[in-house]
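**Student:** Below is the structure I would like to discuss, written out as structure tokens.
The values are calculated or read from the model by the stated rules, or taken from the named source; none is laboratory data. What you see is a predicted model, and the numbers here were worked out from it, not measured in a lab. As a convention, Cβ positions derive from the backbone with ideal geometry for all residues, glycine included, and neighbour counts pool all protein chains shown. Calculation scope for accessible area: heavy atoms of the full protein, side chains included, ligands and nucleic acids excluded. Shrake-Rupley method; radii C 1.70, N 1.55, O 1.52, S 1.80 Å.
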Amino acid sequence: VASRISISKLFFNNLNNPKNLNIAIYGAGEAGYKSINLLSKYNIRYFIDDDVEKHNLRINNIPIISKNHFKKIYISKNIKLVFIALPSISIIKKRLIISEYQKLNISIKILPSIDQIISNKLSIEDYEDINMNIFLNRKLLKYEDFESNYFLMKNILITGGGGSIGSEIF
């Protein structure tokens, strides 16, 4: 019994270990380079970049490949997650990249803005899961953003609570 429990624990611990999760970083620029240390708990297999000049080069011994090459090998290399490290791209380009990788059934996390890169305050938490705000291009306001008495003694009507906007209400 003890040997079976030991083997099953070892097996399940290895499955849940992020080091066993193969990932790629989309963007071989400064944000991608700075992401290497943040994502060191994962097995970083590739950088993906649109710049032809960077293809077949390496960053910290991690190869830089094109998105077309990635599409050919991601299944055989067991890539499950792509971190998009392109903080200064347009919303349209972001949408195109996201939809491309969602079609491949790969999980995506995205770096939201260039401010963290410039200030060197980049952390793993800065990578966000994909949500509707990326597609709608709107800034969320939280309760804390308002003055403390902004809602005091006021009646508020909220409509459309079932949609993407309503889901953001805390």
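**Student:** If you check 19, 54, 9, which single one turns out to be at pLDDT 90 or above, among the basic types (Lys, Arg) and either under 22 Å from residue 89 (Cα atoms) or loosely packed, with under 11 Cβ neighbours inside 10 Å (or both)?
**Tutor:** Details: 19 fails: at pLDDT 90 or above; 9 fails: at pLDDT 90 or above.
None of the others qualify; the one that does is 54.
**Student:** Shifting gears a bit: Checking the condition out of contact with any strand residue (DSSP E or B) (no Cβ under 6 Å at 6 or more places or on another chain), at pLDDT below 95, crowded, with 18+ Cβ neighbours inside 10 Å and not hydrophobic (A, V, I, L, M, F, W, C), which residue from 32, 27 passes?
**Tutor:** On the way: 32 fails: out of contact with any strand residue (DSSP E or B) (no Cβ under 6 Å at 6 or more places or on another chain).
It is 27.
For (1) at pLDDT 75 or above; (2) within 19 Å of residue 23 (Cβ to Cβ); (3) open to solvent by less than 90 Å² (accessible area, probe 1.4 Å), each residue gets a yes or a no:
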residue: 82; (1), (2), (3): yes, yes, yes
residue: 96; (1), (2), (3): yes, no, no
residue: 114; (1), (2), (3): no, no, yes
residue: 119; (1), (2), (3): no, no, yes
residue: 141; (1), (2), (3): no, no, no
residue: 157; (1), (2), (3): yes, no, no
residue: 162; (1), (2), (3): no, no, yes
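**Student:** Let me ask something else. Looking only at the range 58-75, which residues are open to solvent by 90 Å² or more (accessible area, probe 1.4 Å) and either in a loop (DSSP other than H, G, I, E, B) or at pLDDT below 90 (or both)? Before the answer, list the steps.
**Tutor:** Taking the range 58-75 first, the residues open to solvent by 90 Å² or more (accessible area, probe 1.4 Å) are 58, 60-61, 68, 72, 75.
Scanning the range 58-75 gives 60, 61, 75.
**Student:** For the range 35-42, does any single residue satisfy the condition of being out of contact with any Pro (no Cβ under 6 Å at 6 or more places or on another chain) and assigned to a strand (DSSP E or B)? Walk me through how you get there before you give the answer.
**Tutor:** In the first step, residues of the range 35-42 are kept if they are out of contact with any Pro (no Cβ under 6 Å at 6 or more places or on another chain); the result is 35-40.
Adding the requirement that they be assigned to a strand (DSSP E or B) leaves none.
No; the residues of the range 35-42 include none that is out of contact with any Pro (no Cβ under 6 Å at 6 or more places or on another chain) and assigned to a strand (DSSP E or B).
**Student:** Give me a count of the residues in the range 84-94 that are open to solvent by less than 30 Å² (accessible area, probe 1.4 Å) and either in a helix (DSSP H, G or I) or without any contact (Cβ under 8 Å) to a residue 60 or more places away in the chain (or both). Outline the logic, then answer.
**Tutor:** At the first step, the residues of the range 84-94 found to be open to solvent by less than 30 Å² (accessible area, probe 1.4 Å) are 84-85, 87, 94.
Of the ones still in play, those that are also either in a helix (DSSP H, G or I) or without any contact (Cβ under 8 Å) to a residue 60 or more places away in the chain (or both) are 84, 87, 94.
Summing the residues that are open to solvent by less than 30 Å² (accessible area, probe 1.4 Å) and either in a helix (DSSP H, G or I) or without any contact (Cβ under 8 Å) to a residue 60 or more places away in the chain (or both) in the range 84-94 gives 3.
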